[in-house]
Amino acid sequence: MLNNSQADWYHLDVMDGRFVPNISFGPMLIQFFRKATNKTCDVHLMIEEPERYAEAFQQAGADIITVHAEACTHLHRNIQQLKSLGVKAGVALNPHTPVSVIGEVIRDIDLVCLMSVNPGFGGQQFIPHTLIKIRELRELINSSGSNAHIEIDGGVTLQNAPSIVAAGADVLVAGNTVFKAADPVATIAQLKKVVAA
Ligand code: ZN
């Protein structure tokens, strides 16, 4: 399905049962996902101490690795580690974390993932305040000369996607919207149309 769809990336949520209450999967399964497709493998680490596992995820085939600012005491060091591994470096922010937290590293990263729900479970409602954060982040990126993508993760639907893109986001993560749809491939195509519009 993924290979036959217009999806550019696939987004994998790794959960450790500590940073978030849920547990999902680790590098071993990602290795197998990787064999099934050549699409960009976007790995979102919702885990404590991501520096301990970053290399294992790179080895498993991740193209992009995103760590949570809240899980990194030495975020700059975490970013340098990801770059030294040869993957694109992303930083994720929980709903309560201000955009200003990444002001000093915005030029060093390839992606900012704004959580538009509290991380840990699928099927949650989009938090409307995220739109304000997207605009703020778009300003920060444009004024700093950063090339970072703005990725929105959580509660993205066909209905709210246009306003998310209009606010300045350019990567939409869709879980339930795609996988609960009767026709996931057609739903991805509809989302792509919204992003391209
Ligand atoms: Zn995610």
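Residues considered: Ile127, Ile141, Ile164, Ile150. Of these, the only one that is in contact (Cβ under 8 Å) with a residue 12 or more places away in the chain, farther than 21 Å from His11 by Cα and either touching a Leu at 6+ places or on another chain (Cβ under 7 Å) or β-branched (Val, Ile, Thr) (or both) is Ile141. The residue that is farthest from the ligand (Cβ to nearest atom), counting only those in region 6-42 that are open to solvent by less than 40 Å² (accessible area, probe 1.4 Å), among the hydrophobic types (A, V, I, L, M, F, W, C) and under 19 Å from Ile188 (Cα atoms), is Ala7.
Applying the criterion of being assigned to a helix (DSSP H, G or I) and closer than 18 Å to Asn160 by Cα to the residues of region 107-137, the residue that is nearest to the ligand (Cβ to nearest atom) is Thr130.
Of everything in region 99-128 that is closer than 20 Å to Val20 by Cβ and of a type outside the set (A, V, I, L, M, F, W, C), the residue that is surrounded by the most Cβ atoms within 10 Å (Cβ to Cβ) is Ser116. Among the residues of region 71-98, those that are more than 25 Å from Leu29 (Cα to Cα) and open to solvent by 60 Å² or more (accessible area, probe 1.4 Å) comprise Thr73, His74, His76, Arg77, Gln80, His96, Pro98.
When region 59-70 is filtered for residues that are open to solvent by 20 Å² or more (accessible area, probe 1.4 Å) and either within 15 Å of Ala89 (Cα to Cα) or among the polar types (S, T, N, Q) (or both), the ones remaining, listed by number, are Gln59, Asp63.
The single condition from (1) touching a residue at least 60 places away in the same chain (Cβ under 8 Å); (2) on the phi > 0 side of the Ramachandran plot; (3) of a type outside the set (Lys, Arg) that Met46 fails is (2).
The values are calculated or read from the model by the stated rules, or taken from the named source; none is laboratory data. Fair warning: this is a prediction, and the values are worked out from it, not measured in the lab. For neighbour counting, all protein chains shown are included, and Cβ atoms are generated from backbone atoms with ideal geometry for every residue, glycine included. Note: areas computed on protein heavy atoms with side chains; ligands, DNA, RNA excluded. Shrake-Rupley method; radii C 1.70, N 1.55, O 1.52, S 1.80 Å.
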